[in-house]
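Written out below as structure tokens is the structure these notes cover.
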Amino acid sequence: MGINMFAQLFLQITFIVLPILIYYSLLRNNAALKKYKMVLTGLLCGLSILLCMSFPISFTTGNMMDLRSIPWVIAFLYGSFPLGILLTIFMFVYRFFIGGMGMYCCVYRLFNLHHWVILVLS
């Protein structure tokens, strides 16, 4: 791994940790925001996903990777199931706007996702 890839990895980690720190600093200092906890979780996890997808880690082989799955899992665990589904749709829509070869994998996942939703709901 070159120094550039370490810098990109550090940037990805910063995009994940910074919204979490903002979340806790806002909730700790403002008790009125506690009733908007779900909205705040959704906005900050969505922002984190957007930034992680916008600035991926580039490998020397031409492949790209990002850490968007970490804030996505945080949204499911600390938010709720509907918030996680909303951010999943947001990820797919933003992936379509980005385009590229990874978009076809995204379409494949989207068509396979409905099988899992039916399995979970039944």
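Just the residues that are out of contact with any Ser or Thr (no Cβ under 8 Å at 6 or more places or on another chain), farther than 18 Å from Tyr94 by Cβ and outside any loop (DSSP other than H, G, I, E, B), please, taken from the stretch 63-83. Within the stretch 63-83, Leu77, Phe81, Pro82 meet the criteria.
Scan the stretch 31-83 for residues that are among the hydroxyl-bearing types (Ser, Thr, Tyr) and modelled with pLDDT of 90 or more and the total you get is 1.
When the test is whether a residue is in contact (Cβ under 8 Å) with a residue 40 or more places away in the chain, closer than 20 Å to Gln12 by Cα and part of a helix (DSSP H, G or I), Met38 does not pass it. When Gly79, Gly62 are checked against the criterion of being surrounded by 15 or more Cβ atoms within 10 Å (Cβ to Cβ) and among the small types (Gly, Ala, Ser), a single residue qualifies: Gly79.
Using the structure shown, decide if Phe10 is more than 22 Å from Phe92 (Cα to Cα), of a type in the set (Phe, Trp, Tyr) and modelled with pLDDT under 85.
Values: more than 22 Å from Phe92 (Cα to Cα): yes; of a type in the set (Phe, Trp, Tyr): yes; modelled with pLDDT under 85: no.
Answer is no for this residue.
Would you tally the residues in the stretch 39-62 being of a type outside the set (Val, Ile, Thr) and under 15 Å from Phe90 (Cβ atoms)?
Residues of the stretch 39-62 that are of a type outside the set (Val, Ile, Thr), as a first pass: 40, 42-48, 50-56, 58-59, 62.
Then keep just the ones that are under 15 Å from Phe90 (Cβ atoms); that gives 42-48, 50-54.
Number of matching residues: 12.
The values are calculated or read from the model by the stated rules, or taken from the named source; none is laboratory data. The model shown is predicted, which means the values in this text are computed figures rather than measured ones. Counting neighbours? That spans all protein chains shown, and the Cβs are built from the backbone with ideal geometry, glycine included.
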